[in-house]
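Beneath this line is the structure, given in structure tokens, with notes to follow.
The values are calculated or read from the model by the stated rules, or taken from the named source; none is laboratory data. Predicted model, so just to flag it, every value in this text is computed and none were measured. Neighbour counts run over all protein chains shown; Cβ positions are idealised from the backbone, glycine included. Calculation scope for accessible area: heavy atoms of the full protein, side chains included, ligands and nucleic acids excluded. Shrake-Rupley method; radii C 1.70, N 1.55, O 1.52, S 1.80 Å.
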Amino acid sequence: MKIKNLFSQKRFILSFEVFPPKREGNLESLYVTITELGELKPDFISVTYGAGGSTREKTIEISSRVKNGFNLEVLAHLTCVQSTKDDIARILDLLKEENVENILALRGDPPEGTERFIKTEGGFEYANELVQFIKTRDNFSVGVAGYPEGHIEAPNLKTDMINLKRKVDAGADFIITQLFFNNDAFYNFRDYAMALGIDIPILPGIFPILNYNQIIKIASLAGVRIPPRLGEKVEKNKDKPQEVEKYGIEYAIIQVDNLIKNGIAGLHLYCMNKSHPVKKILAELSLSR
Ligand code: FAD
């Protein structure tokens, strides 16, 4: 089923994001997690796309397994990094053969060890070009990334919002946001989008903090602000992983509760290949299905 249609049929969309493990042996353990996540009845599971090499093939393999093995709807992420149009076309064909109907179209981050994204000759510079390519070539439902605090390379939020609109004008069907810890940033982003005439559904992306080092790294790479109260609490407990996880999940519950009260179209949980935080968040908020 196309995610675009899910949004028109259901009042609240629930999705979980997983990533291909770096080591081959961990694939089976991911499938155990997906079994557990499947029991929580998400509307779809999204599978991230690596910077290069074998993890890319794993995105196709895992997406196919989610769709055809677990009978769950899937959103396969796809980036422009180190790919020509022909490379992208080949991946789209492989995804089609596996009955994958939904793509999250991204530019991608610069590969590890490089500072700037450099367009591959014969490839794409920005995600809006990828959206347009997919939409004119195929019949996928296409999602794009949105940044409540602005993309890290953008000079300001306004410029980034105008660039988000380019992706919508190119045919994007829905938006999933980067993680954020301050709901006001999301409400401001949503209002801004509406003012620009962006009327496709927006799924807020929530990241339950499970580990001190991980969150410091992610937040700085993505340019996401950590509110002082949250930062102090996590910092104070950095040597007590269980405390960090407990507080991280509690914080996510408070965030989601407030988002629901403010009329969100659904929820995208960055679950870091773990099911127990998701289970706890859904149970606490009576979102279990
Ligand atoms: P774009 O929309 O192309 O934007 C990139 C920058 O260029 C922004 O600063 C924007 O303002 C500017 N810009 C955009 N269009 C134009 C234009 N036409 N002219 C001038 N400037 C422009 N990365 C992965 O590698 N794999 C993943 O699976 C993955 N999944 C993600 C999922 C979500 C929900 C999110 C939010 C991000 C994900 N990312 C992933 C990270 C993403 O690839 C990076 O944030 C990347 O740096 C930007 O990708 P984008 O698609 O937003 O790019």
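At-a-glance table
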| item | result |
| --- | --- |
| Residue under evaluation Asp184, criteria (1) open to solvent by 30 Å² or more (accessible area, probe 1.4 Å); (2) within 16 Å of the ligand (Cβ to nearest atom), criterion not met | (2) |
| Residue match in the stretch 41-60 (condition: within 20 Å of Leu203 (Cβ to Cβ), within 15 Å of the ligand (Cβ to nearest atom) and part of a helix (DSSP H, G or I)) | yes |
| Residue satisfying all of: in the stretch 51-63; free of Cβ contacts under 8 Å to residues at least 60 places away in the same chain and open to solvent by 20 Å² or more (accessible area, probe 1.4 Å); nearest to Glu36 (Cα to Cα) among these | Glu61 |
| Count - residues of the stretch 8-31 that are open to solvent by 20 Å² or more (accessible area, probe 1.4 Å), within 22 Å of Leu106 (Cβ to Cβ) and touching a strand residue (DSSP E or B) at 6+ places or on another chain (Cβ under 6 Å) | 1 |
| Residue, nearest to Cys271 (Cα to Cα), within the stretch 187-204, restricted to residues that are open to solvent by 50 Å² or more (accessible area, probe 1.4 Å), in a helix (DSSP H, G or I) and not basic (Lys, Arg) | Asn188 |
| Selection count where residues are under 17 Å from the mean Cα position of the chain (by Cα) and on the phi > 0 side of the Ramachandran plot, scope the stretch 243-271 | 1 |
| The stretch 144-153, subset within 8 Å of the ligand (Cβ to nearest atom) and open to solvent by 10 Å² or more (accessible area, probe 1.4 Å), residue nearest to Leu95 (Cα to Cα) | Ala145 |
| Condition broken by Ala219, with the remaining ones in (1) at pLDDT 95 or above; (2) open to solvent by less than 30 Å² (accessible area, probe 1.4 Å) satisfied | (1) |
| Residue pairs meeting the criteria (Cβ under 7 Å; at least 6 apart or on separate chains; first open to solvent by 40 Å² or more (accessible area, probe 1.4 Å), in the stretch 68-84; second within 11 Å of the ligand (Cβ to nearest atom)) | Gln82/Gly52; Gln82/Pro111 |
| Verdict on Lys135 being under 24 Å from Leu75 (Cα atoms) and within 10 Å of the ligand (Cβ to nearest atom) | no |
| Among (1) under 17 Å from Leu179 (Cα atoms); (2) of a type outside the set (A, V, I, L, M, F, W, C); (3) open to solvent by 60 Å² or more (accessible area, probe 1.4 Å), the one test that Pro227 misses | (3) |
| Options Ser64, Ser141: the member that is away from the ligand (no atom under 13 Å from the Cβ), touching a strand residue (DSSP E or B) at 6+ places or on another chain (Cβ under 7 Å) and of a type outside the set (Phe, Trp, Tyr) | Ser141 |
| Pick from the stretch 154-172, criterion part of a loop (DSSP other than H, G, I, E, B) and open to solvent by 20 Å² or more (accessible area, probe 1.4 Å), ranking: farthest from the ligand (Cβ to nearest atom) | Gly171 |
| When residues of the stretch 95-118 are limited to those that are at pLDDT below 95, of a type outside the set (S, T, N, Q) and open to solvent by 50 Å² or more (accessible area, probe 1.4 Å), the one nearest to the ligand (Cβ to nearest atom) | Asp109 |
| Qualifying residue in the stretch 101-115 (condition: free of Cβ contacts under 8 Å to residues at least 60 places away in the same chain and in a strand (DSSP E or B)) | yes |
| Meets criteria (surrounded by 12 or more Cβ atoms within 10 Å (Cβ to Cβ) and outside any helix (DSSP H, G or I)) for Ile34 | no |
